[in-house]
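Everything below concerns the one structure shown next.
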Amino acid sequence: MMKLWMVTSLELAELFVSAMVHFLYAFYIFSTAVAGDISKNVNDYLFKSNVDVNDYDQSQSNVEGLPPIVLVHGIFGFGKGRLGGLSYFAGAEKKDERVLVPDLGSLTSIYDRARELFYYLKGGRVDFGEEHSEACGHSRFGRDYRKGQYPEWDEDHPIHFVGHSAGAQVIRVLQQMLADKAFEGFDETNENWVLSVTSLSGAFNGTTRTYLDGMRTEDGIGMKPISLLQLCRIGVIMYDWLDISWLKTYYSFGFDHFNMSWKKTGLRGLVDCLVGNTGPFATGDWILPDLTIQGSTSLNSNLQTFPNTYYFSYATKRTRRIMGMTIPSGVLGIHPMLFLRVFQMSQWRFPQDVSPPYKGYRDEEWQENDGAMNTISMTHPRLPVEHPSRFIRSDSECQTLQPGIWYYKIVEADHITFIVNRERAGVQFDLIYDSIFQRCRKHVFRKIPQTLPNQSPRAPRSPR
């Protein structure tokens with residue numbers, strides 16, 4: 001009895017600390033965005049912009065022939081237009097002339113986010129599909145993107161995609177949907193609409209952190225009754241039910257198609273969501289089930305690595321092996337929000353009374369991590385079958401790339417080193433993003449290399 005009481009007390013203490021750390025970080029991000037907006041508005045009021053419209057037009061004409069590079073955010077992320085002037089990718093989008101940063105649902109499922117990404121680019125009203133929408137209990141149609149950010153998108157005008165965390169898996173699902181011609185009214189889609197995929201700390205094979213945060217190890221679908229994710233669930237439901245317009249304009253979890261607002265459901269709708277009768281958490285149509293090892297394995301069973309697309313992955317870690325043990329690699333290099341999880345994930349053991357998530361699972365292989373994702377999960381798709389891959393130590397080894405192979409590199413960094421706060425990564429930030437954009441522009445093409453801005457066309461050369 002005493003042992004049970006002590007274990008329960010430790011679990012509650014850990015839950016309290018985790019909840020406070022995450023809440024304080026969220027408050028910091030939100031307040032930083034508000035302060036930045038206020039400063040910008042004051043500055044714009046006092047000092048009128050002197051931007052020359054002709055200069056802008058010239059810049060736009062210089063990038064007309066370039067395929068866009070689309071940066072796809074991860075869980076709890078945001079795109080351009082949310083959180084004021086704050087950048088999820090810490091301003092990396094300014095490193096290239098033609099970069100798009102879509103704002104997708106921060107907690108919606110991988111499937112829903114992939115559907116939304118397609119319409120953001122191609123244009124039109126988001127169609128989640130009749131069968132899926134009925135099964136998951138939400139509206140079939142979502143946001144209307146009207147013209148779209150890249151309406152000419154097709155096989156002759158393919159796109160480079162860069163995804164952080166869960167954003168990488170969103171891109172893979174989107175490419176599979178294109179190959180399967182899964183968008184009604186767009187019968188000409190195929191996998192070659194995607195020219196390259198670059199993953200930054202990508203969530204390919206799930207993460208053991210989902211179980212630490214509250215997902216059940218038995219199936220990877222349900223949640224423990226007392227956990228960080230339960231607190232998150234309650235907070236999200238209240239946020240969407242209150243439906244405070246200026247707040248949701250600033251930041252949205254992306255669940256508008258579930259119609260949880262008090263204006264549509266009233267008090268009874270709130271109760272139904274909280275007790276688990278309706279809503280995304282009741283049907284499992286949200287992102288966490290997709291990030292468990294079981295959920296990722298199920299998702300991956302329908303996803304391919306395509307022969308005409310270039311793939312690259314940066315896997316991150318903040319652990320090291322000493323005398324057969326995995327421990328955090330220092331204290332100062334790990335973000336305070338992630339340090340506890342780095343340690344917990346490095347000591348993770350799948351419960352002995354639960355069937356392992358896949359045949360051949362070994363705890364030791366999943367202990368290297370970056371505080372959110374296991375390093376083994378970030379290199380390339382491995383489950384349920386391993387996709388073609390090649391480990392590289394330096395970006396210089398990628399001067400000659402072959403499509404259809406996942407080139408991956410392991411980087412010493414935590415899960416949020418390369419997002420939000422540029423100063424944390426230091427010079428490594430520029431090295432990573434410069435290599436990504438240069439690879440897209442100089443080493444990845446199907447026919448002839450594209451003409452860069454302010455650069456005269458060159459004679460065609462063989463693909464690298």
Practice item. Could you tell me whether any residue of segment 421-429 is open to solvent by less than 20 Å² (accessible area, probe 1.4 Å), of a type in the set (Gly, Ala, Ser), assigned to a helix (DSSP H, G or I) and modelled with pLDDT of 90 or more? Key: yes
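Looking only at segment 344-354, count every residue that is touching a residue at least 12 places away in the same chain (Cβ under 8 Å) and more than 23 Å from the chain's Cα centre (by Cα) and tell me the total. So that I can check it myself, show each step before the final result.
Here is the first cut: in segment 344-354, the residues touching a residue at least 12 places away in the same chain (Cβ under 8 Å) are 344-351, 354.
After this cut, where a residue has to be more than 23 Å from the chain's Cα centre (by Cα) as well, the list is 347-351, 354.
Qualifying residue count for the region: 6.
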Check your understanding: Name the residues in segment 396-410 that are modelled with pLDDT under 85 and surrounded by fewer than 16 Cβ atoms within 10 Å (Cβ to Cβ), would you?
Key -> Ser396, Glu397, Gln399, Thr400
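Suppose we filter Asn259, Asn192 for residues that are open to solvent by 40 Å² or more (accessible area, probe 1.4 Å) and at pLDDT 95 or above; which single one remains?
On the way: Asn192 fails: open to solvent by 40 Å² or more (accessible area, probe 1.4 Å).
Of the residues listed, the single one that is open to solvent by 40 Å² or more (accessible area, probe 1.4 Å) and at pLDDT 95 or above is Asn259.
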Review point. So how many residues does segment 252-308 have that are of a type in the set (A, V, I, L, M), closer than 13 Å to His138 by Cα and part of a helix (DSSP H, G or I)?
Key: 1
Practice item. Return yes or no: is Leu267 in contact with a strand residue (DSSP E or B) (Cβ under 6 Å, 6 or more places away or on another chain) and farther than 23 Å from Pro102 by Cα? Key: no
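I'm trying to understand the selection: among the residues of segment 119-138, which are in a loop (DSSP other than H, G, I, E, B) and open to solvent by 40 Å² or more (accessible area, probe 1.4 Å)?
From segment 119-138, those in a loop (DSSP other than H, G, I, E, B) are 123-124, 128-129, 137-138; that's our starting set.
Gly137 - this is the single residue of segment 119-138 that is in a loop (DSSP other than H, G, I, E, B) and open to solvent by 40 Å² or more (accessible area, probe 1.4 Å).
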Exercise for review: Specify the residue that is nearest to Lys263 (Cα to Cα); the eligible residues are those in segment 227-242 that are open to solvent by less than 40 Å² (accessible area, probe 1.4 Å) and touching a helix residue (DSSP H, G or I) at 6+ places or on another chain (Cβ under 6 Å).
Suggested key: Ile237
Exercise for review: Determine whether Met177 is open to solvent by less than 10 Å² (accessible area, probe 1.4 Å) and in contact (Cβ under 8 Å) with a residue 60 or more places away in the chain.
Suggested key: no
Practice item. Considering only residues that are more than 20 Å from Phe253 (Cβ to Cβ) and modelled with pLDDT under 95, look in segment 63-93 and name the one that is surrounded by the fewest Cβ atoms within 10 Å (Cβ to Cβ). Key: Glu64
Point to revise | Extreme residue, nearest to Thr375 (Cα to Cα), among residues of segment 164-183 that are outside any helix (DSSP H, G or I) and under 18 Å from the mean Cα position of the chain (by Cα) | key: Ser165
Review point. Can you name the residue in segment 262-303 that is of a type in the set (D, E, K, R) and within 11 Å of Ser109 (Cα to Cα) and, of all such residues, is least open to solvent (accessible area, probe 1.4 Å)?
Key: Asp285
Exercise for review: Answer yes or no: is there a residue in segment 47-62 that is at pLDDT 80 or above, farther than 28 Å from Phe437 by Cβ and surrounded by fewer than 18 Cβ atoms within 10 Å (Cβ to Cβ).
Suggested key: yes
Check your understanding: Residue check: is Leu338 aliphatic (A, V, I, L, M), crowded, with 20+ Cβ neighbours inside 10 Å, touching a residue at least 60 places away in the same chain (Cβ under 8 Å) and under 18 Å from Ser377 (Cα atoms)?
Key -> yes
Point to revise | Selection status of Arg113, at pLDDT 95 or above, open to solvent by less than 10 Å² (accessible area, probe 1.4 Å) and not acidic (Asp, Glu) | key: yes
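Just one of Tyr150, Tyr211 is aromatic (Phe, Trp, Tyr), part of a loop (DSSP other than H, G, I, E, B) and at pLDDT 95 or above; which is it?
Numbers: Tyr211 fails: part of a loop (DSSP other than H, G, I, E, B).
Checking each option against the conditions leaves just Tyr150.
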Point to revise | Tabulated pairs, segment 222-246, first under 23 Å from Val17 (Cα atoms) and in contact (Cβ under 8 Å) with a residue 40 or more places away in the chain, second among the small types (Gly, Ala, Ser) and part of a helix (DSSP H, G or I), C-beta under 7 angstrom, 6+ apart or interchain | key: Leu228/Ser18; Leu228/Ala19; Leu231/Ala19
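The values are calculated or read from the model by the stated rules, or taken from the named source; none is laboratory data. Remember, predicted model here, so these are calculated numbers, not experimental data. Heads up, the Cβs are rebuilt from the backbone with ideal geometry, glycines too, and the neighbour counts pull from every protein chain shown. Please note that ligands, DNA and RNA were not included when accessible areas were found on the heavy atoms of the full protein model with its side chains. Shrake-Rupley method; radii C 1.70, N 1.55, O 1.52, S 1.80 Å.
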